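Below is one structure, written out as structure tokens; comments come after it.
The values are calculated or read from the model by the stated rules, or taken from the named source; none is laboratory data. Source: prediction; values computed, not measured. In this analysis, Cβ positions are derived from the backbone assuming ideal geometry, glycine residues included, and neighbour counts consider all displayed protein chains. For accessibility, only protein heavy atoms count, side chains too; no ligands or nucleic acids. Shrake-Rupley method; radii C 1.70, N 1.55, O 1.52, S 1.80 Å.
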Amino acid sequence: MYDKLSRPQCSVLTQLRTGHIGLNAYLHRFKIAPTPLCPHCTTLESVPHLLLICPAYRHARLRLIIRVKTAHLSLRTLLSPKSDAAPVLAFMCDTGRLPRCEL
Ligand SMILES: [Zn+2]
């Protein structure tokens, strides 16, 4: 499933799929982040929020829509092991939300 991906790319995909990722909703559970909320809006900063909802990333999301060739984004399709991971990985880099994003 991860044959053509680098180790950092595999790591980000696994983090997105499990929710164990450097977003505030997860980091706050361990007192690493002061709040579970998104730094851009007053919503829990979770994987669904980042990928599908947060207005701060609408431009990155538009590029994602173009890359996956559908406006009907869902976690199921974006993070499916059968889906092309490149568009999601590009989105993550576009957001700049993960530190040291060297995908
Ligand atoms: Zn947000």
Could you work out what % of the accessible surface of the chain is carbon and sulfur, using a 1.4 angstrom probe and leaving DNA, RNA and ligands out of the count? 58 percent
For Ala90 and Thr70 in the same chain, what is the full-extension length gain: residue separation times 0.36 nm, less their Cα-Cα distance, in nm? 5.6 nm
With all protein chains in place and a 1.4 Å probe, Thr14 shows an accessible area in Å² (nearest 10) of 60 Å²
Nearest 10 degrees is fine. How inclined is helix 7-18 to the longest principal axis of the chain, computing both from alpha carbons? 60 degrees
Taking amide H atoms as placed 1.01 Å from N in the peptide plane, list the residues 5 or more away in sequence, or in a different chain, whose amide H sits under 5 Å from that of Leu37. Glu45
How far, in degrees from 0 to 90, does helix 86-95 lean away from the longest principal axis of the Cα atoms of the chain, to the nearest 10? 30 degrees
With every protein chain left in place, what is the accessible area per residue of the stretch 4-103 in square angstrom, probe 1.4 Å? 61 Å²
Farthest toward positive dipole pole in the chain [+1 Lys/Arg, -1 Asp/Glu at C-beta], among Ile65, Thr42, Ile32: Ile65
For the chain, calculate the relative contact order in percent as a whole number, restricting contacts to Cα pairs under 8 Å that are 6 or more residues apart. 25 percent
Through the Karplus equation 6.51 cos²θ - 1.76 cosθ + 1.60, θ set to phi - 60°, convert the phi angles of the stretch 64-77 into ³J(HN,Hα) values in whole Hz; use x for Gly and Pro. 4, 4, 5, 5, 8, 6, 7, 8, 8, 7, 8, 4, 4, 7
Cα-centre dipole for the stretch 7-95 with unit charges at Cβ (Lys and Arg positive, Asp and Glu negative), debye to 20: 180 debye
Per-residue accessible area for Leu37 at 1.4 Å probe radius, Å² rounded to 10? 70 Å²
